[in-house]
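Participant: Questions regarding the structure given below will be posed in turn.
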Amino acid sequence: MILLFSIGFLEVSWVDIFDIMLVSVLLYQVYKLMRGSVAVKIFLGVLSLYLLYLIVRALQMELLGLILGQFMGVGVLAAIILFQPEIRKFLLLIGKTTDFNKGDFFNNLLIWKKKATKETYNITPIIEASKTLGGSNTGALIVISKDSELKFYAESGDIIEAQLSKRLLLSIFNKYSPLHDGAVIIYKGRIKAARCVLPVSESDSLPAQFGLRHRAALGMSEITDTIVLIVSEETGQFSLARNGKLTHNLSPQELRKTINDYLTTEEEKKKEEVKEEASEKETSQIKSEAKAGI
């Protein structure tokens, strides 16, 4: 082990520095995961107690160290019980990009080697249905996924496996339909399921005017790589949730652009940028030739 420096009796090596950095990153990620929920206060309390235990051990205070040691002995089991929802959310975050059903687990791990595939499809039925639903103040919750079928959430509702269409979406979210209460999951241009149950976000940053529908959309976007469209039943306004962030009061044009950006792969975006640059160059060349002709 290569010694870096020493502080009194304490010797610090490169491995120790690397170890401290990894623990710091891990603690920060855990804090981000639990930020805004009650669990963060419990986590800070447990962390403070553990630091106190380390100090007591370093000072060789045997009686207090024995008491705290007994508590720390069951600490792992207590943490699993106390932080069960957060642990589940953390594991879902780790595994959300992994699709075992397609047999390409190792390819999904090597993100930099993944080749982009064409995922875009006609989202006009979604936009048109949203406009109609908003106009009649009919609430709706639509989950759009490009990487996963979301089988766990699809199986919580009724499997449909139907071609995406405006009339079908309107029929599902009709106030008298038995399927309207819940979310619709759309994957690769098909409606996979309806009446699906979504995880509810525990964030306390959500404004009071947003109800359970918005909170469920936010929760879904926090733990999956999806974009969730919400049509408000009270105001008829459109909102989109992605990566744990909610964008409110969008126009149909903004809806279309944001959803298309989500569905479009990086490779297709680069191709579109190249086309736009070529078109601009061609336009400027035509203008310059026209001026030269004059």
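Participant: Could you identify the single residue in ILE286, ILE223 that is open to solvent by 20 Å² or more (accessible area, probe 1.4 Å) and at pLDDT below 85?
Facilitator: On the way: ILE223 fails: open to solvent by 20 Å² or more (accessible area, probe 1.4 Å).
Only one candidate qualifies: ILE286.
Participant: What are the residues in region 134-153 that are out of contact with any helix residue (DSSP H, G or I) (no Cβ under 7 Å at 6 or more places or on another chain) and under 19 Å from LEU212 (Cα atoms), if any?
Facilitator: Once the filter is applied, which keeps residues that are out of contact with any helix residue (DSSP H, G or I) (no Cβ under 7 Å at 6 or more places or on another chain) and under 19 Å from LEU212 (Cα atoms), region 134-153 yields GLY134, ASN137, THR138, TYR153.
Participant: Checking LYS96 against (1) among the charged types (D, E, K, R); (2) open to solvent by 100 Å² or more (accessible area, probe 1.4 Å); (3) at pLDDT below 75, only one condition comes out false. Which one?
Facilitator: (2)
Participant: Restricting to region 188-212, name every residue that is of a type outside the set (Lys, Arg), outside any loop (DSSP other than H, G, I, E, B) and surrounded by fewer than 21 Cβ atoms within 10 Å (Cβ to Cβ).
Facilitator: Selection gives LEU212 alone.
Participant: A further question on this structure: Filter region 213-248 for residues that are among the β-branched types (Val, Ile, Thr) and either at positive phi or part of a helix (DSSP H, G or I) (or both) and give the result.
Facilitator: ILE223
Participant: So for region 261-269 (the condition being more than 26 Å from ALA162 (Cβ to Cβ), β-branched (Val, Ile, Thr) and at pLDDT below 90), does at least one residue qualify? Give the steps one after another, and end with the answer.
Facilitator: Residues of region 261-269 that are more than 26 Å from ALA162 (Cβ to Cβ), as a first pass: 266-269.
From what is left, the residues that are β-branched (Val, Ile, Thr) are none.
Scanning region 261-269 turns up no residue that is more than 26 Å from ALA162 (Cβ to Cβ), β-branched (Val, Ile, Thr) and at pLDDT below 90.
Participant: Go through THR132, THR138 for me and flag whichever is in contact with a Phe, Trp or Tyr (Cβ under 7 Å, 6 or more places away or on another chain) and at pLDDT 65 or above.
Facilitator: THR138
Participant: Can we say GLY36 is out of contact with any helix residue (DSSP H, G or I) (no Cβ under 9 Å at 6 or more places or on another chain), within 20 Å of ASN243 (Cα to Cα) and either open to solvent by less than 100 Å² (accessible area, probe 1.4 Å) or modelled with pLDDT of 75 or more (or both)? I'd like the intermediate steps shown before the answer.
Facilitator: Values: out of contact with any helix residue (DSSP H, G or I) (no Cβ under 9 Å at 6 or more places or on another chain): yes; within 20 Å of ASN243 (Cα to Cα): yes; either open to solvent by less than 100 Å² (accessible area, probe 1.4 Å) or modelled with pLDDT of 75 or more (or both): yes.
Criteria met by GLY36.
Participant: Next up: Taking the criterion of being among the acidic types (Asp, Glu), assigned to a strand (DSSP E or B) and either in contact with a Gly (Cβ under 6 Å, 6 or more places away or on another chain) or on the phi > 0 side of the Ramachandran plot (or both), would at least one residue in region 151-158 satisfy it? Break it down into steps so the answer makes sense when it comes.
Facilitator: Restricting attention to region 151-158, the residues satisfying the condition of being among the acidic types (Asp, Glu) are 155, 158.
Filter once more, keeping what is assigned to a strand (DSSP E or B): 158.
Those left that are additionally either in contact with a Gly (Cβ under 6 Å, 6 or more places away or on another chain) or on the phi > 0 side of the Ramachandran plot (or both): none.
Checked region 151-158: no residue is among the acidic types (Asp, Glu), assigned to a strand (DSSP E or B) and either in contact with a Gly (Cβ under 6 Å, 6 or more places away or on another chain) or on the phi > 0 side of the Ramachandran plot (or both).
Participant: Would you call GLU128 surrounded by fewer than 19 Cβ atoms within 10 Å (Cβ to Cβ), without any contact (Cβ under 8 Å) to a residue 60 or more places away in the chain and more than 21 Å from THR264 (Cβ to Cβ)?
Facilitator: Criteria not met by GLU128.
Participant: Could you give every pair whose Cβ atoms fall below 9 Å, whose first residue belongs to region 40-61 and is free of Cβ contacts under 8 Å to residues at least 12 places away in the same chain and of a type outside the set (Phe, Trp, Tyr), and whose second residue is open to solvent by 70 Å² or more (accessible area, probe 1.4 Å) and not in a helix (DSSP H, G or I), counting only separations of at least 6 or pairs across chains?
Facilitator: Within 9 Å, the pairs are ILE55/MET61.
Participant: Right, here's the next one. Out of everything in region 41-79 that is open to solvent by 90 Å² or more (accessible area, probe 1.4 Å) and modelled with pLDDT under 80, what residue ends up being farthest from the chain's Cα centre (by Cα)?
Facilitator: Of everything passing the filter in region 41-79, GLN70 is farthest from the chain's Cα centre (by Cα).
The values are calculated or read from the model by the stated rules, or taken from the named source; none is laboratory data. For clarity, every value in this text was computed on a predicted model and none was experimentally measured. Virtual Cβ from ideal backbone geometry, glycine too; neighbours counted across all protein chains shown. SASA here: full protein model, heavy atoms, side chains in, ligands and nucleic acids out. Shrake-Rupley method; radii C 1.70, N 1.55, O 1.52, S 1.80 Å.
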